[in-house]
């Protein structure tokens, strides 16, 4: 690369990083938060004794996991206006990503809940805890520790998947990289720089995952 290319990379680093801070990361955080709520609700439905509720959860999980995320984005942003529902780019991306996370993380949460020994339920009932209190005060904190690694992987994947939001006109880091590349005609260097920033974000998230695992160790039954 010549000097002008290096200067372009230097000049474009802050705009790309700013787009990651103001676009990519908030989009991923909001989508993951909403998606995690959906995942817990769907996981509880899957564990329900009601065949109807469990069946609804199974269909939802199957539909989300059996269709591409890009198609889900297009259905919500480009498809819904055909039935009179117009959604702006940012809300459409959050809805699509949240539903996707919910579908994938639901099975993680369900498996984590089932991994808690039955003795924990019995012990909580012995001291007078209700079913709901047992779930929220005893089971879910232990399940959280078990689910941290797979859920962290889901979040890291989501951070990278936010690049698909550029296809529905959401201005996040990858769309910013596309704009810079189109203007400068330096496609490969700019996209490699964007990839580097994604990688750095994922390294930070991995470090955060390790710290969270250590913090949640106290909830694990020994």
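Yes or no: the range 160-170 includes at least one residue that is within 21 Å of residue 40 (Cβ to Cβ), surrounded by 13 or more Cβ atoms within 10 Å (Cβ to Cβ) and at pLDDT 85 or above.
yes
Restricting to the range 1-36, what's the tally of residues that are in a helix (DSSP H, G or I), over 15 Å from the mean Cα position of the chain (by Cα) and surrounded by fewer than 16 Cβ atoms within 10 Å (Cβ to Cβ)?
13
Could you tell me whether residue 76 is farther than 20 Å from residue 159 by Cα, more than 15 Å from the chain's Cα centre (by Cα) and surrounded by 17 or more Cβ atoms within 10 Å (Cβ to Cβ)?
No; evaluated as a whole, the condition is false for this residue.
Among the residues of the range 171-184 satisfying the criterion of being assigned to a helix (DSSP H, G or I) and under 18 Å from the mean Cα position of the chain (by Cα), which is surrounded by the most Cβ atoms within 10 Å (Cβ to Cβ)?
Among them, the one singled out is 173.
Restricting to the range 185-202, what's the tally of residues that are part of a loop (DSSP other than H, G, I, E, B) and on the phi < 0 side of the Ramachandran plot?
Qualifying residue count for the region: 1.
Here's the yes/no breakdown for (1) exposed (fewer than 14 other Cβ atoms within 10 Å of the Cβ); (2) without any contact (Cβ under 8 Å) to a residue 40 or more places away in the chain; (3) under 16 Å from residue 160 (Cα atoms):
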| site | (1), (2), (3) |
| --- | --- |
| 42 | no, no, no |
| 53 | no, yes, no |
| 67 | yes, yes, no |
| 80 | no, yes, no |
| 104 | no, no, yes |
| 108 | no, no, no |
| 112 | no, yes, no |
| 116 | no, no, no |
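The values are calculated or read from the model by the stated rules, or taken from the named source; none is laboratory data. Please read these numbers as outputs of a predicted model, since none were measured by experiment. Reconstructed Cβ throughout: ideal geometry from the backbone, glycine too, with neighbour counts over all protein chains shown.
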